[in-house]
Amino acid sequence: MRARTARARWSGDRVAGAGATAFDGRRSAALALCRAAAAIGARGWCQGTAGNFSVTLDREPLRLLITRSGRFKQRLTGADLMLVGADGAAAEGEAGRPSAETPLHCAIASVAGAGAVLHTHSVAATLLGEHFSPRGGFTIRGYEMLKGLDGVASHEAEVFVPVLANSQDVDALSRRVRAVLGERPGLHGFLLGGHGLYTWGESLAEAVRHLEIFEFLFDCLSRRIQFQPFTG
Ligand SMILES: [Zn+2]
């Protein structure tokens with residue numbers, strides 16, 4: 001990812017630029033996130049209430065606009081989103097419960113400087129995560145589509161995808177995520193074993209692009225068994 005911005009940008013949507021109020025920023029961010037979630041859902045990557053999504057509204061202090069717990073991601077509206085602070089708790093004046101995995105979003109926004117974080121449960125990501133969890137990850141190489149990841153200029157690049165063992169202890173999981181992101185600053189995503197993908201970007205548009213690229217590559221890797229098994 002390139003230089004971090006204090007406020008996420010929304011390529012393809014109205015920009016909360018100079019003169020925009022905090023309300024305008026939240027409203028345009030919510031609109032962009034709901035549109036992105038509908039498109040992601042249509043691809044089959046977040047069935048039912050699976051997955052969670054966030055955008056970074058402010059950095060100091062950290063404020064994320066994130067999906068509420070238990071909402072159908074394909075039909076999100078602004079009412080399905082809420083503001084949380086750096087600790088993952090509801091921001092002042094916000095009612096209700098954010099996604100159970102909110103601490104992971106906070107970890108990624110704070111350590112990787114993400115402007116948006118997308119978490120999906122596709123079949124390919126679930127199976128690859130399950131298979132490679134004992135090894136702690138796998139390396140993707142040789143695919144032209146790798147160039148869709150920020151900073152990757154050649155199909156010859158090697159992109160490591162960490163796989164963390166899944167856990168219902170989200171606070172412990174978020175501490176492990178912080179450690180992995182600290183050790184590997186160039187990451188664009190990671191998997192949770194038997195669970196799904198977390199990916200992010202400087203902007204929501206970049207996060208969506210990274211999601212599409214990873215899902216395409218995961219599809220290739222999981223289908224390769226028909227010709228030559230992927231061994232990581
Ligand atoms: Zn999940």
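Structure data summary
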read-out	value
Evaluation of Ala165 against (1) surrounded by fewer than 17 Cβ atoms within 10 Å (Cβ to Cβ); (2) within 22 Å of Ile225 (Cα to Cα) (one fails), failing number	(2)
Every pair of residues 6+ apart whose Cβ atoms lie under 7 Å, when the first sits in region 37-49 and is open to solvent by 40 Å² or more (accessible area, probe 1.4 Å) while the second is at pLDDT 90 or above	Gln47/His121
Single residue of Phe230, Phe218, Phe190 found to be in contact with a strand residue (DSSP E or B) (Cβ under 9 Å, 6 or more places away or on another chain), modelled with pLDDT under 95 and hydrophobic (A, V, I, L, M, F, W, C)	Phe230
Those strands (runs of 3 or more DSSP E) lying entirely in region 126-232 with at least 3 residues within 16 Å of the ligand (Cβ to nearest atom) and within 18 Å of Phe53 (Cα to Cα)	189-192, 196-201
Residues that are open to solvent by 60 Å² or more (accessible area, probe 1.4 Å), of a type outside the set (A, V, I, L, M, F, W, C) and within 16 Å of the ligand (Cβ to nearest atom), drawn from region 50-95	Arg71, Gln74
Residue that is surrounded by the most Cβ atoms within 10 Å (Cβ to Cβ) [pool: residues in region 107-125 that are closer than 15 Å to Arg175 by Cβ and within 15 Å of the ligand (Cβ to nearest atom)]	Ile108
Test: residue in region 101-124 that is farther than 21 Å from Trp45 by Cβ and polar (S, T, N, Q)	yes
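The values are calculated or read from the model by the stated rules, or taken from the named source; none is laboratory data. Fair warning: this is a prediction, and the values are worked out from it, not measured in the lab. Cβ atoms come from the backbone with ideal geometry, glycine included; neighbour counts cover every protein chain shown. Note: areas computed on protein heavy atoms with side chains; ligands, DNA, RNA excluded. Shrake-Rupley method; radii C 1.70, N 1.55, O 1.52, S 1.80 Å.
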